[in-house]
Amino acid sequence: MDTLTAKSEATYAAILEAALDMAATEGIGRLSLGELAKRTGISKSGVFSRVGSLEALQAAVLDEYDRQFAAEIFLPALQQPKGLPRLIAQVNAWSRRAADEGLRNSCLYSAGAFEFDDQQGPLRDRLQQGAVAWRASLRKTILQAVELGQLRPDTDPGQLVYEIYALIVGLIHDTRFLHDDQALRHMQRAFSRLISTYKSFNDME
């Protein structure tokens, strides 16, 4: 890699890092090429030449958020056995991340869902796409747990995914809005109770 290419890639990485921080603190809809130029010390034309457009930057921020989320939540859970152990690992890691009030851990999808729920456009479509993809991953893991006899055969995967999401949204609300330091414990207990109602009698401890 030549020096010029390396410098260009480092500049792009710096812009993306600043954009991710801004999206986490202020919302992805508040991203601005001008504001990023101020925060990075790069000219507005320099920011534009590297990201192409605001829409492309928003997509790149969500792609990077997805990459980090997968590295922290999804990939480690794959080390667990298929089915229920993997589902529990995913939800436990997700809940710990959601309960971390560090600004970088702010959920862009949860915030974006409320910000863009009644709007149309590419950004809303991209947010919806990401949420649907993560739900599909959870559903696949739930189906594996049913097939392995760990969850009851009459388990409705869509219902269980909904209930898990509801717990996570409640956790985010109580952690970030109410600053309740017991929110994670409440959520974990609720999840354990929820899973106990779906467990197969053959898999009861």
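The values are calculated or read from the model by the stated rules, or taken from the named source; none is laboratory data. In this text, all values refer to a predicted model and were calculated from it rather than measured experimentally. Using ideal geometry, Cβ is built from the backbone for each residue, glycine included, and neighbour counts are taken over all protein chains shown. Quick note on the areas: whole protein, heavy atoms, side chains included, nothing else; ligands and nucleic acids left out. Shrake-Rupley method; radii C 1.70, N 1.55, O 1.52, S 1.80 Å.
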Leaving out ligands and nucleic acids, and using a 1.4 Å probe, what accessible area per residue does the chain come to in Å²? 55
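When ranked by the protection proxy of mean other Cβ atoms within 10 Å per residue, highest first, what sequence do the peptides 110-123, 72-85 form?
Values: 110-123: 14.0, 72-85: 15.8.
Put in order of decreasing packing, that is 72-85, 110-123.
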Full extension from D117 to A131: what is 0.36 nm times the residue separation minus their Cα-Cα distance, to one decimal in nm? 3.8 nm
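So if I place +1 on the C-beta of Lys and Arg and -1 on the C-beta of Asp and Glu, and nothing else carries charge, what would the dipole magnitude of region 59-205 be about its Cα centre? I want it in debye, nearest 20.
Values: 17 positive and 19 negative charges, 81 e Å.
That gives region 59-205 a dipole magnitude of about 380 debye.
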Quick one: helix 157-172 against the long Cα principal axis of the chain, what's the angle to the nearest 10°, folded into 0 to 90? 60
Could you list which residues have their amide H under 5 Å from that of L151, counting only those 5 or more apart in sequence or on another chain, with H placed in the peptide plane? V146, S200
Over the heavy atoms of K7, what accessible area does a 1.4 Å probe trace out, to the nearest 10 Å²? 140
Against the longest principal axis of the chain, how steep is helix 84-99, in degrees 0 to 90 to the nearest 10, with axes from Cα atoms? 50
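Computing the accessible area with a 1.4 Å probe over protein heavy atoms, can you report the carbon and sulfur percentage for region 43-158?
Working: 3320 of 6020 Å².
So the carbon and sulfur contribution to the accessible surface is 55 percent.
Using only alpha carbon pairs under 8 Å that are at least six residues apart, calculate the relative contact order of the chain and give it in whole percent.
Working: 181 pairs, mean separation 41.1, N = 205.
About 20 percent, as a whole number.
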The chain: angle of helix 122-147 to the longest principal axis, Cα-based, in degrees nearest 10: 30
